[in-house]
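Here's the structure we're looking at; comments come further down.
The values are calculated or read from the model by the stated rules, or taken from the named source; none is laboratory data. What you see is a predicted model; the values in this text were computed from it and never measured. Here Cβ is always computed from backbone atoms with ideal geometry, including for glycine, and neighbour counts include all displayed protein chains.
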């Protein structure tokens, strides 16, 4: 199984577990004399098997991410780098949004509010970070589809 397939299965399991939780909530209580639409015991068994598979996949994905290297870095390190770049980009965008907000003046005698930073320089850095994120994401996706899950 490729690493990407394991990641997709993990995402599917997460959705299935959410669905099972909702289905269980609907059938654990019924009016006296009524039967639930689904057997809660069967749903609980299904949920348990999903939890077991999820545990296996998480461990195998984490092991793979820590064992597979690309360009001298493990996938875990590349993922951490991408996560931090996403946080950094969000911070730059917040500063750009604040610096770019305009204040209106009713008369020319009112106080002018001016940015204290170069929005052009900040935007160039945000663009550079965005490009780095895209390239890193491409590298991660390529690796996920070409490397096998380490079990």
**Count of the range 57-78 residues which are free of Cβ contacts under 8 Å to residues at least 60 places away in the same chain, surrounded by fewer than 14 Cβ atoms within 10 Å (Cβ to Cβ) and in a helix (DSSP H, G or I)** = 4
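If you check residue 19 against the conditions, is it closer than 25 Å to residue 151 by Cβ and outside the structural domain of residue 135 (by TED's automatic domain parsing)? Break it down stepwise before answering.
On the way: closer than 25 Å to residue 151 by Cβ: no; outside the structural domain of residue 135 (by TED's automatic domain parsing): yes.
When the stated conditions are applied, residue 19 does not pass them.
So that you can scan it fast, the table gives a plain yes or no per residue for (1) modelled with pLDDT of 95 or more; (2) exposed (fewer than 14 other Cβ atoms within 10 Å of the Cβ); (3) out of contact with any helix residue (DSSP H, G or I) (no Cβ under 8 Å at 6 or more places or on another chain):
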| residue | (1), (2), (3) |
| --- | --- |
| 84 | yes, yes, yes |
| 118 | no, yes, yes |
| 125 | yes, no, no |
| 130 | yes, no, no |
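I'd like to know if the range 79-100 contains one or more residues that are touching a strand residue (DSSP E or B) at 6+ places or on another chain (Cβ under 8 Å), assigned to a helix (DSSP H, G or I) and not assigned by TED's automatic domain parsing to the domain that holds residue 4.
yes
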